[in-house]
Amino acid sequence: MTRARETDAMAATGDLPAAEFRRAMHAAADLAADYLERVGAYPVLPRVAPGEVRAALAAAPPEAGEPVDALLADYRRLIEPNVTHWNHPAFFGYFAISGSGPGILGETLAAALNVNAMLWRSGPAPTELEEVVCDWLRQLLALPPVFTGHINDTASMSSLLAIAAARHRVDEGAVRARGLSGAPPMTVYASEQAHSSIDKAMITLGLGLDQLRRVEVDEAFRMRPDALAALIAADRRAGRLPIAVVATAGTTSTTAVDPIAAVADVARRERLWLHVDAAYAGSAAVCPEYRALMDGLEAADSIVLNPHKWLFTPVDCSVLLLRNREELRAAFTLVPEYLKTTEQGVTNLMDYGPQLGRRFRALKLWFVLRAFGAEGLRARIRAHCALAREFEGWVRGTPGWEVSAPVPFSTVCFRSTRGATPEEQDRINEAIVAEANATGAIFIGPTKLHRRTVLRLAIGNIRTTREHVVTAWRVLREAEARAAGAPGKD
Ligand SMILES: *Cc1c(COP(=O)(O)O)cnc(C)c1O
């Protein structure tokens, strides 16, 4: 092919010629597979200073188009080494997540389809697949068939939608129609350990942070139902309008599970919407023994769980399961003339939230659920929890260390007890995090419990093996020895 004809073909489509695209996709597949094969060789946190990446990038867009090979080469040289490697098997920070092979395939093909499934008409298969995979997830969680699902980007959005639906139920659509002016203060209840996304929902929905009640927790960091009932009663006496309770199944700090059944009793008595934030631990509920820790889940009005957290699905993918999805629709449906379609009895996903357009997220989740099967998912979750219990045992068995909270799932909160004062102990534990992460061998994060610094090891990456957890414990003890200025010993 002459250069002139090639130029003509590009001019004709305006896009990459098909043969060129095919070749580049194969090259991208090699890049992705190479990356996943050797990601463990990277330092988990890239050794890059703020501004360094920017300085290596062209400051202005190119005037003439560049060959894709140049883009792929720069991706490999400038981008890949300079990300925090969430796919690294020794990533133990936040909640460890991972894009599994099947999930990455689904994400890639969804990009090729580029469907915007706002209406059934604008995406029949994506709409119906979303309903089917959400129903599969419902079955995996042993929830009754009344629950139906809706996929969002994040748990933050899922919880916001749940609270919006709760408000719509209690105020019978008053805020939807007339806005907040003139509305009574509306209160929401969540534990002291609940995720900050609930605070953000209060901000975004105009309910106000002052109307979020932080319910006291017990010694295992679980919401106290008696304290919840007392707060609701006080708000009613003061003329406020309680609308929702948010229980957490797997809090962000310690993965504590609120007593959902008891909280559900209070919510039912008070006619409040019960939302369960199970963004992380909801994945564990595919195993009957972990589902049993969430007794009462079936009484919720809504439940959020993030397959992108611990179900091996690439970000983003958050599933909101609703007892009555029509309540969410009632809060958000609005059909302008140009979006009216003639199909009857179909789901139009745009009706269930503020966004019109939406990505086709169900495909990657479908691939993951099918490729691993329920059995495969349970095996992986159980393996992670077993590793966490083993790690917990090592900490308990080592003088100068302690476990700081119960370990119901795959996350361990622990600390070094070296140091004469609480402040000195905090300093040592903070230094352990910094030292351990600086090695590049692992990445962990700190949290605060009872105002003291605690280390937090979260296992959730599909590529993590026992060997990586062994390494983490060794690196942490060596870091402690350096931080406390004493020789390390086994
Ligand atoms: C991670 C997490 C969230 C936030 O998830 P996003 O999807 O990032 O919004 C909310 N709640 C809990 C309990 C979490 O663990």
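Annotation for the stretch 336-349: no member residue is within 17 Å of GLN139 (Cα to Cα) and either among the aromatic types (Phe, Trp, Tyr) or open to solvent by 60 Å² or more (accessible area, probe 1.4 Å) (or both). If you go through the stretch 121-128 one residue at a time, do you hit one that is over 18 Å from THR347 (Cβ atoms) and either touching a residue at least 60 places away in the same chain (Cβ under 8 Å) or not in a loop (DSSP other than H, G, I, E, B) (or both)? Among the residues of the stretch 121-128, not one is over 18 Å from THR347 (Cβ atoms) and either touching a residue at least 60 places away in the same chain (Cβ under 8 Å) or not in a loop (DSSP other than H, G, I, E, B) (or both), which makes the answer no. If you scan the stretch 350-386, which residues turn out to be under 18 Å from ASN152 (Cβ atoms) and open to solvent by 30 Å² or more (accessible area, probe 1.4 Å)? Of everything in the stretch 350-386, those that are under 18 Å from ASN152 (Cβ atoms) and open to solvent by 30 Å² or more (accessible area, probe 1.4 Å) turn out to be PRO354, GLN355, LEU356, GLY357, ARG358, ARG359, TRP366.
Inclusion of ARG452 among residues that are touching a residue at least 24 places away in the same chain (Cβ under 8 Å) and farther than 30 Å from ALA379 by Cβ is warranted.
Just so you know, in the stretch 12-55 the residues that are touching a residue at least 24 places away in the same chain (Cβ under 8 Å), outside any helix (DSSP H, G or I) and of a type in the set (A, V, I, L, M, F, W, C) include one that is surrounded by the fewest Cβ atoms within 10 Å (Cβ to Cβ), and it is VAL48.
Conditions (1) within 16 Å of the ligand (Cβ to nearest atom); (2) open to solvent by less than 10 Å² (accessible area, probe 1.4 Å); (3) free of Cβ contacts under 8 Å to residues at least 60 places away in the same chain; (4) closer than 20 Å to THR347 by Cβ, marked per residue:
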site: THR108; (1), (2), (3), (4): no, no, yes, no
site: ALA112; (1), (2), (3), (4): no, no, yes, no
site: LEU140; (1), (2), (3), (4): no, no, no, no
site: VAL146; (1), (2), (3), (4): no, no, no, yes
site: ARG167; (1), (2), (3), (4): no, no, no, no
site: VAL170; (1), (2), (3), (4): no, no, no, no
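Which of the residues belonging to the stretch 277-328 are open to solvent by 10 Å² or more (accessible area, probe 1.4 Å), within 16 Å of the ligand (Cβ to nearest atom) and either assigned to a helix (DSSP H, G or I) or at pLDDT below 95 (or both)? Within the stretch 277-328, TYR290, LEU293, HIS308, LYS309 qualify. Check the stretch 200-207 and report whether any residue there is in contact with an Asp or Glu (Cβ under 6 Å, 6 or more places away or on another chain), open to solvent by 20 Å² or more (accessible area, probe 1.4 Å) and within 16 Å of the ligand (Cβ to nearest atom). Within the stretch 200-207 (the criterion being in contact with an Asp or Glu (Cβ under 6 Å, 6 or more places away or on another chain), open to solvent by 20 Å² or more (accessible area, probe 1.4 Å) and within 16 Å of the ligand (Cβ to nearest atom)), the answer is no, since none of the residues qualifies.
The values are calculated or read from the model by the stated rules, or taken from the named source; none is laboratory data. Everything quoted here is computed from the prediction, not taken from an experiment. With ideal geometry, Cβ positions are generated from the backbone for all residues, glycine too; neighbour counts draw on all protein chains shown. Only protein heavy atoms, including side chains, enter the accessible area calculation; ligands, DNA and RNA are left aside. Shrake-Rupley method; radii C 1.70, N 1.55, O 1.52, S 1.80 Å.
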